[in-house]
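Have a look at the structure below before the remarks.
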Amino acid sequence: MSNTILSIGGTSLFTYFLELRVMRASFSWTKFAAIGFCILGTSLWCVGNFEGGDDDKKSKNALLGNFLCLISSCLYAVVSILIGKYLPDSGEAEMAFFWGCTGLINHTLMMPLTLVLCLAGKNDIQDLPARLYGMVMLKGLMDNLLSNYMWAYAVLFIGPTSANVGMSIETPMVVIIDLVTRNASYLSNPRSTALNVIGALTIMIGFFGLSL
């Protein structure tokens, strides 16, 4: 719950503040209120999902986890501003070069760490089944590559803040899928279901409020 609220809400808020500071955008109470609606809707959805869940265990590292979520939100906001301010929007080559460099940096930094952890017996990825490797590759293709690629273009087309607020639409989409498939534990609790639906509608109001 904390991860979702801080990640979605924090990224949108941090991005807006950076957009005002770095990109010299003009302050808009409408956009600020729209961000507030998205954060409120996300919070309602998370509370409903938490109350209707089966696992009520508290994390022993909650404070550290919340801090890492905030750091992650700040870094995501910085990337959004870098794309919106410095990445040219004329040509496919610049976008491909940007993500190619991003992948090269990740590969260069993380591959040695992964090998060290494997050799030290701390990360036994060699024991994972082949089917799971395929799922990881599919997730990387759909999420880390395709999703971020389209998100980067959205940053160029509608601005960093609007693009990041738009990512919160994943919450209403999840609620719709849950209602159709009836495959979520919170649906057995009327209060939790109501909070989820109201939260999803609030997020949609905030997102469409950005276009006013």
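Data for the structure
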| quantity | calculated |
| --- | --- |
| Dipole of the chain, positive end: most advanced residue of 180, 14, 97 [Cβ charges, Cα centre] | 14 |
| Ordering of 26-36, 77-87 by burial proxy (mean other Cβ atoms within 10 Å per residue, highest first) | 77-87, 26-36 |
| Candidate residues 124, 178: accessible-area rank, largest first, probe 1.4 Å | 124, 178 |
| Peptide ranges 131-143, 93-105 listed from the most packed, as the mean C-beta count within 10 angstrom indicates | 93-105, 131-143 |
| Overall form of the stretch 121-201 per C-alpha gyration tensor (a/c, 1.5; a/b vs b/c) | oblate |
| The chain, accessible area per residue, ligands and nucleic acids excluded (1.4 Å, Å²) | 63 Å² |
| Whether the chain is rounded, prolate or oblate, judged on the alpha carbon gyration tensor where a/c under 1.5 counts as rounded | oblate |
| Check: the chain dipole with +1 on Lys, Arg Cβ and -1 on Asp, Glu Cβ, in debye | 380 debye |
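The values are calculated or read from the model by the stated rules, or taken from the named source; none is laboratory data. As the structure is a prediction and not an experimental result, all values here were calculated from the model. We place every Cβ from the backbone using ideal geometry, glycine too, and count neighbours over all the protein chains shown. Protein only, heavy atoms only, side chains kept; ligands, DNA and RNA dropped before computing areas. Shrake-Rupley method; radii C 1.70, N 1.55, O 1.52, S 1.80 Å.
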